Amino acid sequence: MLKTIIAYSKISKESHRHPVEKLCLCLFPMILVGFCNKPLPIAINIIVFLILHIIANNPRSIVFKFALTTFSFAILSSITFIFIYNIEYIVVIVLKGISGGLCISYLALTTPLDHIIGLLSKFDSLRDICDIAKGMETYILLINDEASSIYTAMKSRNGFNSFKSQLFNMGKLAGLLFSNTLKRWPLIRDSLNSRCYKGYHYYKSYEFIINYKMCLFTFTYTIFLLMLI
């Protein structure tokens, strides 16, 4: 799924927009919603980002998975609040989870990481952070591929038929990933040394044009949410 998200972000019809515009559009409402204790502003934010997803023509299945994951996490984390707070407070927590999932999925599906890193790498003080982010992306992709291979091998041997076997084999999967990562480090170190790696990456330069209409919409929408809160 991770590779699919990266691929969709690069071919999205909104990928040409300035990354800062989309970061502000997604992060500002998330921050405001985090301080909100009313269901109405959060519901409005959910509707707005659903419309933005439709306009961007993002894949519904991936957006649904994002929203379902955050919804499930919000439900599980709010179980203990049933005995302390009222139902309205729990509804607000669940809505916050759905809203956050929609915001993150919009940013992930319309903004390639290379665009953000390429923009930030122009600042020398942020270059180390960009190198770490790029290295982590590669590392996560490798771990994801290896986890998929191990999971497929276990599943083909009926390793997830019962609840007990699922718990046991998921623990084994996590242990194998950790041990394989430690074993792979000497190979990675030797390959970096053989290529005379100096400790930093070279990033492609991207040119973006700021859309002032989008900036005005983001500013107006942020002020609108702030007034509702």
**OP:** Would you confirm whether any residue within segment 115-123 is free of Cβ contacts under 8 Å to residues at least 60 places away in the same chain, surrounded by fewer than 21 Cβ atoms within 10 Å (Cβ to Cβ) and either farther than 28 Å from GLU21 by Cβ or touching a helix residue (DSSP H, G or I) at 6+ places or on another chain (Cβ under 6 Å) (or both)?
**Re:** yes
Original post:
Can you name every residue in segment 152-162 that is closer than 23 Å to LYS3 by Cα and either of a type in the set (Val, Ile, Thr) or open to solvent by 90 Å² or more (accessible area, probe 1.4 Å) (or both)?
Top reply: THR152, LYS155
Original post:
Filter segment 163-186 for residues that are over 14 Å from ALA147 (Cα atoms) and not hydrophobic (A, V, I, L, M, F, W, C); which is least open to solvent (accessible area, probe 1.4 Å)?
Top reply: SER165
**OP:** Please indicate, with yes or no, whether at least one residue in segment 207-216 is surrounded by 13 or more Cβ atoms within 10 Å (Cβ to Cβ), modelled with pLDDT of 80 or more, in a helix (DSSP H, G or I) and aromatic (Phe, Trp, Tyr).
**Re:** no
Original post:
Does segment 134-151 contain any residue that is under 27 Å from SER205 (Cα atoms) and surrounded by 16 or more Cβ atoms within 10 Å (Cβ to Cβ)?
Top reply: yes
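The values are calculated or read from the model by the stated rules, or taken from the named source; none is laboratory data. In this text the structure is predicted, and so the values were computed from the model without any measurement. Cβ coordinates were reconstructed from backbone atoms using ideal geometry, including for glycine residues, and neighbour counts include every protein chain displayed. For the accessible areas, the whole protein counts, side chains as well, though only heavy atoms, and no ligand, DNA or RNA atoms are used. Shrake-Rupley method; radii C 1.70, N 1.55, O 1.52, S 1.80 Å.
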